[in-house]
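Scroll down for the structure; my scribbles are underneath it.
Bear in mind that the values in this text are calculations on the coordinates, not laboratory data. Remember, it's a predicted structure, so these values are computed and weren't measured experimentally. With ideal geometry, Cβ positions are generated from the backbone for all residues, glycine too; neighbour counts draw on all protein chains shown.
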């Protein structure tokens, strides 16, 4: 699947280069573009958007779907001429889940490619290191998956459309309490990952606020495969519910092992569970798991359903939240450009900040005053092998 | 409490199987083979691929994974160890060349499979569970402990009671003398590395099966624990590796139960450290450890 | 001209700075390898320096030069109780013990909530300039260069060649080993402080086993014969990601290729060029000198 994606990417890169080269010829109509129909007039100008995701390295599974999401969105926008007179040209780079490379890519985007804006990076840690570079150069950055703290506070050119765990978790906990009526919780989380730690803090606060007693707290490493010791200890503390906050790989293993150990308690999870891959890999063990998320395929929003169908048609697989947020990000950026009638960096920034109540696949979307995402979260339960909205 | 003991014994048996191959190469060749974790990883990945893509049965995939690891052992020995024997190198040249080979093996797997965790298909192995007092044990876990014990015993018997085994022990003792005695040292070394790698591969398949997944980075976590195990048990000692493996497994579980899970990984390194300070020879080791 | 330079720097500053820091790290491990001490704790000392310096800047607002120095000194001081018991151990066991120490420290950082735990320290002020890094590198290079032909230098070289003979000749090997160990920690700690104020984040996962393997590769690939070797090795390996980025259009995953190439280079060097890549440079230079010596002054014949 990676090889196919690379080939597809190569095709779109070559096409993008062809488009760019053709449009550099000054007023000649371009040929061979992926969105060939839809009014390519001689006045169409090509705008470069730097897209940096983790295509390799620890965060590669997320980067893969993010890449798909932005590509789909850009193709649709270009095909429908959604920004009059402007073609989006995505320049995709890999930061290899590494801070140093993230900074290096940002510098390339800013100085060499002269992009109008940057989308990404995948990981909060990379963003913290690289975003200051963009802020100093006054290039707008739209993050689509950073959920940690300290991102948008870097400066007024940094935005994100990814709802932080701190915003989703309280909704998750409330909905879970309403459904399950528990009073004692055991919490397990990955303590070597910024996302998981932030999520844990959010869960702890939400549980405390709702007067739930936390009977045991256990930690593990994101790369761990054996959780039996922690699960056994948690089980011995006699909770009513198990709360888990970690990335996808460990939560699958943990869920399966928990069931194997005979722990039949309900599991409430954070965003790491929020992927069709979780259901596929955990199988029966995943039934009944409650997950709060910024977006999910159960999302009833019609734009979302259209997106899912288009994504499936193009990439032969279901989209996950990262794809949806990446896709929405491009649309948000496009809307800002449209409102500004300009592709200059300050104009884009100014108009991003003003976006309110925009209809997106994530729901009705607005930026907060702090340039963070604001839209309703989705609390769902795994039932019959699918995510369904928790009643 | 019984469940925790079961947990500890089980993870201990995996550590033990991994460590046995690791310590064998060190005992015979005096080399810390940093490619051992890579063949461990490849074993799991190959078995997974065969079960997922070619729908092979579990036992066949286990054999294939082991064989693949053994084959990589040949590559390792020929490319990384043999050329260095002809030249006076430093003590660490072989360590570094094994590291280089490990990096290349991982890169190839990364290129072919991507970085994602691959999982075995559901139902690849019967999911029966047994009740042992207060503890639950799965059939798979029992099989793994049994296979690990059987293979280790087989290795031990091979070393102590076969001609090949005596040759290996002779080479470990004094390479030059062994050569003088007419032993084909090169062949013995090759066999040693292949056996070690094959055992590592088996451990990898079992690990991948029980934790349901194989990815290019899976060797690294085990590698460092494996290091602690062979130091604890004593470098070059097979029984030491087994003892060390189980001790570490149980210690980790006890740490989680007693001190708390954040300290679990630290347990291995603390053990490593204390042993090297207090009794660097390890529990059952016999190699010289201090410099003159 | 200066405009072009400024533009170049703007595009490549992170690479330039990272190269300098990796060169410092390579030298930190060279210091110890040069006298036969195989320690792999440098990534941990890098972390100690980074945390110390960043915490001092952020919590106590100490001046930059002071925090960098403090980072180095803390690492050096920490290395002392570590070194004393470990230096008795034979090569490989010392290496393993230092790996263990490094990992234990990494777990400690991960759980140290005062320093952010898993999140690490975020928002470190960007105080490192390229000239800070290269100035320290230059000073270190100068010191090492002068040391080569001093009694210390000869002692270290003798120890590397044959430790027991060196001891017999009266060289206090323990003292030199300790000195080398602490100097290595000092340099790594300084590099850590510089790196923290460059990447603006101190992430506990950056100081583990993988990093130390990278640092070892710089030194080995470059060569341990002289201090120029590790610097060369660091330069080459650090530039690989940027160089290989251009290969992406070929449909090859850049991460995998970079890893494979790193491994291949390391293997080739260790098998065929055990002195490291720097010997490739030394040979033509000395060969040239030798040929010039052979020729008679007036070659009219």
- Expected unfolding gain across residue C:162-residue C:84 under the 0.36 nm per residue rule, minus the alpha-carbon gap, is 26.0 nm
- Query: Tell me, what is the FRET efficiency for residue A:211 and residue C:59 to the nearest 0.05, using R0 = 35 angstrom and their Cβ-Cβ distance as r?
  - Reply: 0.50
- Of B:139, B:95, B:17, which is the most mobile in a GNM of chain B whose springs link Cα atoms less than 10 angstrom apart? B:139
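Listing A:99, A:174, A:354 from the residue with the fewest other Cβ atoms within 10 Å to the one with the most, what is the order? Before the final figure, lay out each step's value.
On the way: A:99 26, A:174 15, A:354 12.
The order, fewest Cβ neighbours first, is A:354, A:174, A:99.
Starting with the fewest neighbours, write out C:182, C:169 ranked by other beta-carbon atoms found within 10 Å of each beta-carbon.
Numbers: C:182 21, C:169 10.
Fewest-to-most ranking of C:182, C:169: C:169, C:182.
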- Task: Go ahead and collect, in residue order, the members of the stretch C:222-241 whose backbone nitrogen is under 16 Å from a label point 7 Å along the Cα-Cβ direction of residue C:145.
- Result: C:226-232
- State, to one decimal in nm, how far the label point of residue A:359 lies from the label point of residue C:16, with both points 7 Å from Cα in the Cβ direction. 5.1
- Computed label-point distance, nm, for sites residue B:157 and residue A:344 using a 7 Å Cα→Cβ extension: 8.4
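Given R₀ = 30 Å, FRET efficiency for residue B:78-residue C:210 by Cβ-Cβ distance, to 0.05?
Calculated transfer efficiency: 0.65.
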- Item | Value at 222 nm in deg cm²/dmol, rounded to 500, when DSSP H runs of n ≥ 4 in the protein assembly as shown each add -39,500 (n - 2.57) | -20500 deg cm²/dmol
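Sort the following peptides by mean Cβ neighbour count (other Cβ atoms within 10 Å, averaged over residues), highest first: B:61-74, C:74-87. Mind dumping the intermediate values first?
Values: B:61-74: 22.5, C:74-87: 19.5.
Result, highest mean Cβ count within 10 Å first: B:61-74, C:74-87.
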- Query: Computed FRET efficiency, Cβ-Cβ of residue B:274 and residue C:138, R0 60 Å: what is it to the nearest 0.05?
  - Reply: 0.90
- When a footprinting reagent is the concern and you count Cβ atoms within 10 Å, what order do C:9, B:130, B:246, B:15 take, fewest first? B:130, C:9, B:246, B:15
- What residue among C:93, C:45, C:181 has the largest mean-square fluctuation in a Gaussian network model of chain C, using Cα springs under 10 Å? C:93
- Query: How big is the stretch C:10-294 in terms of Cα radius of gyration and Dmax, in angstroms?
  - Reply: 19.3, 68
- Averaged over all viewing directions, the convex hull of the alpha carbons in the protein assembly as shown casts a projected area in nm² of 45.0
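Let me confirm one metric for peptide B:263-271, namely the mean number of other chain beta-carbon atoms within 10 Å of its residues' beta-carbons. Numbers along the way, then the final one.
Numbers: counts 4, 9, 9, 8, 2, 4, 11, 3, 1.
Other-chain Cβ atoms within 10 Å of each residue's Cβ, averaged: 6.
In percent, how large is the relative contact order of the stretch C:10-294, given Cα pairs closer than 8 Å and 6 or more residues apart?
Answer for the stretch C:10-294 is 33 percent.
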- Item | Rg to Rh quotient for the stretch C:1-154, alpha carbon positions, Kirkwood Rh | 1.01
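Would you tell me the mean number of C-beta atoms belonging to other protein chains that fall within 10 Å of each C-beta in A:93-99, as a whole number?
Numbers: counts 3, 6, 1, 6, 2, 3, 9.
Neighbouring Cβ atoms belonging to other protein chains average 4 per residue here.
Please work out whether the stretch C:115-192 counts as rounded, prolate or oblate from its C-alpha gyration tensor, where a ≥ b ≥ c are the square roots of the eigenvalues and a/c under 1.5 means rounded, while otherwise a/b larger than b/c means prolate and anything else oblate? Walk me through the intermediate numbers first.
Working: a/c = 5.15, a/b = 1.97, b/c = 2.61.
Here the stretch C:115-192 falls in the oblate category.
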- Query: When the Kirkwood radius is taken over all Cα pairs of chain B, what Stokes-Einstein diffusion coefficient follows at 37 °C and 0.692 mPa s, in µm²/s?
  - Reply: 169
- Message: Whole angstrom only: what separates the Cα centroid of the stretch C:190-207 from the Cα centroid of the stretch C:56-73?
- Response: 13
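Given axes a ≥ b ≥ c from the Cα gyration tensor, I'd like to know whether the stretch B:1-96 is rounded (a/c under 1.5), prolate (a/b larger than b/c) or oblate. Each step should come with its number before you reach the end.
Values: a/c = 3.50, a/b = 1.41, b/c = 2.49.
Oblate shape, in that a/c is at least 1.5 and b/c is the bigger or equal ratio.
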- Two decimals is fine: what is log10 I(q)/I(0) at q = 0.16, 0.18, 0.22 Å⁻¹ for the stretch A:165-293, from a Debye sum with one equal scatterer on every Cα and no solvent? -0.68, -0.89, -1.43
- Message: Sequence gap at least 6, Cα distance under 8 Å: using those rules, report the relative contact order of chain A to the nearest whole percent.
- Response: 15
- Hypothetical label at residue A:312: residues of the stretch A:66-97 whose amide nitrogen lies under 13 Å (7 Å Cα-Cβ projection): none
- Query: Based only on the alpha carbon positions, what is the Kirkwood hydrodynamic radius of chain A, in angstrom?
  - Reply: 21.5
- Inter-site label distance for residue B:164 and residue C:131 at 7 Å from Cα along Cβ, in nm: 6.7
- Message: Given an 8 Å cut-off on Cα distances and at least 6 residues of separation, report the relative contact order of the stretch A:165-293 as a percent.
- Response: 27
- Note on the structure: Here the whole-number average of other chain Cβ atoms within 10 Å per Cβ of B:131-137 is 2
